[in-house]
Amino acid sequence: MSEIAFAYPKTFFLLLLLVPLIIWYYFRQHSVASVQVSSTAAVKDLSASPRQFLRYILFGVRLLIISLLIIILARPQSSNSWENVSTQGIDIVLAMDVSSSMLAQDFKPDRLEASKDVAIEFIAGRPNDRIGLVVFSSESFTQCPLTTDHSVLTNLFKDIKSGIIEDGTAIGVGLANAVKRLKDSEAISKVIILLTDGVNNQGVIDPITAAELAKVFHIRVYTIGVGSEGTAPYPVQDMFGRKYLASMPVEIDEEILQQISDITDGKYFRATDNEKLRQIYYEIDKLEKSKIHVKEFSRKEEEYLPFALSALVLVLVEFLIRRIFLRSIP
């Protein structure tokens with residue numbers, strides 16, 4: 001059942017203005033005029049005309065009109081309206097390496113920023129999928145759980161920086177964390193896209209063990225090795241704090257990444273530049289889709305119309321009272 005909420009509830013403080021209006025009207029109606037007469041005996045038994053009471057009703061109608069206008073200014077809206085929506089899609093977790101080696105500049109502007117840009121494009125192209133984000137270096141944490149709110153996911157993606165976790169490359173831990181996010185999913189198709197540019201050298205979970213765990217939960221893992229062939233320019237700092245680019249060897253454990261994809265019935269890709277990375281995500285984009293159910297909050301609807309119509313009716317009532325019943329009363 002929908003309820004009424006107000007976008008600007010502080011507007012109701014304007015109702016306090018009615019208090020001085022009521023006080024003013026009360027003293028205005030009870031003020032005593034100074035009239036010199038010899039005696040009031042002739043009029044003391046006269047009762048007030050029913051038409052005179054309409055003046056009080058007229059004032060009450062005006063107060064109601066003002067109150068309704070204040071309610072309209074507070075913007076009444078319908079809320080608490082939920083609905084279950086069936087959409088076509090799969091559940092995907094992006095597991096991204098954020099170790100310091102991802103700052104190498106064989107991609108433009110560097111591996112990490114290029115990977116983020118292409119992943120954001122991939123997310124924008126799959127509006128019906130639930131997508132989550134896991135990052136890893138020496139450890140791993142979930143940046144965003146599975147969600148269909150891709151605007152939130154995209155903003156969290158942009159916040160990723162190298163150095164948010166102690167340096168290292170824990171591929172097994174990152175993969176295991178991604179599996180944890182997908183293991184309870186009811187989607188027919190569950191996918192992890194694991195992107196790294198290094199060799200597993202941290203973490204208590206072996207990458208192959210994590211891959212076997214993914215297989216148990218019927219999760220396919222697509223692995224991406226990021227880095228050019230041979231060497232790549234990497235930003236370093238000398239003892240005087242000066243920064244420069246040094247040529248560093250590219251070391252990607254392609255054998256492990258290939259084994260992970262083989263065990264989980266996925267596929268291994270090697271990206272050596274920005275365009276090849278885009279092509280890889282384009283190929284993954286062709287995955288089959290399955291139906292998922294999403295509980296969505298319905299859009300808020302403006303509910304001012306009943307209040308506006310009520311105010312209009314009261315304006316008409318006031319007009320009729322003044323023109324018909326109070327026409328001869330000053």
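Observations on the model:
- Qualifying residue in the range 159-167 (condition: under 15 Å from Q259 (Cα atoms), in the same structural domain as G132 (by TED's automatic domain parsing) and over 26 Å from the mean Cα position of the chain (by Cα)): no
- V204 being surrounded by 18 or more Cβ atoms within 10 Å (Cβ to Cβ) and in the same structural domain as D129 (by TED's automatic domain parsing): no
- Test: residue in the range 142-151 that is in a loop (DSSP other than H, G, I, E, B), in the same structural domain as P235 (by TED's automatic domain parsing) and on the phi > 0 side of the Ramachandran plot: no
- Failed item in (1) part of a helix (DSSP H, G or I); (2) under 25 Å from the mean Cα position of the chain (by Cα), with A176 passing the rest: (2)
- Near pairs, Cβ below 6 angstrom, 6+ apart or cross-chain, from the range 253-278 (under 17 Å from E212 (Cβ atoms)) to any residue that is modelled with pLDDT of 95 or more and acidic (D, E): none
- Those strands (runs of 3 or more DSSP E) of the range 12-116 in which at least 2 residues are at pLDDT below 90, considering only elements entirely within it, cover 76-79, 82-89.
To keep it simple, each residue is scored yes or no on (1) over 23 Å from V135 (Cβ atoms); (2) basic (K, R); (3) surrounded by 15 or more Cβ atoms within 10 Å (Cβ to Cβ); (4) without any contact (Cβ under 8 Å) to a residue 60 or more places away in the chain.
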{"position": "L195", "(1), (2), (3), (4)": "no, no, yes, no"}
{"position": "V221", "(1), (2), (3), (4)": "no, no, yes, yes"}
{"position": "T231", "(1), (2), (3), (4)": "yes, no, no, yes"}
{"position": "S247", "(1), (2), (3), (4)": "yes, no, no, yes"}
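- Looking at K158, K180, just one residue is modelled with pLDDT under 95 and not hydroxyl-bearing (S, T, Y), and that residue is K158.
- Selection within the range 141-175: residues that are among the hydroxyl-bearing types (S, T, Y), under 22 Å from S100 (Cα atoms) and in contact (Cβ under 8 Å) with a residue 60 or more places away in the chain. The member of this set that is surrounded by the most Cβ atoms within 10 Å (Cβ to Cβ) is T169.
The values are calculated or read from the model by the stated rules, or taken from the named source; none is laboratory data. Here the structure is a predicted model, which is why all the values come from computation and not from measurement. Glycine gets a Cβ as well: all are built from the backbone with ideal geometry, and neighbour counts include every protein chain shown.
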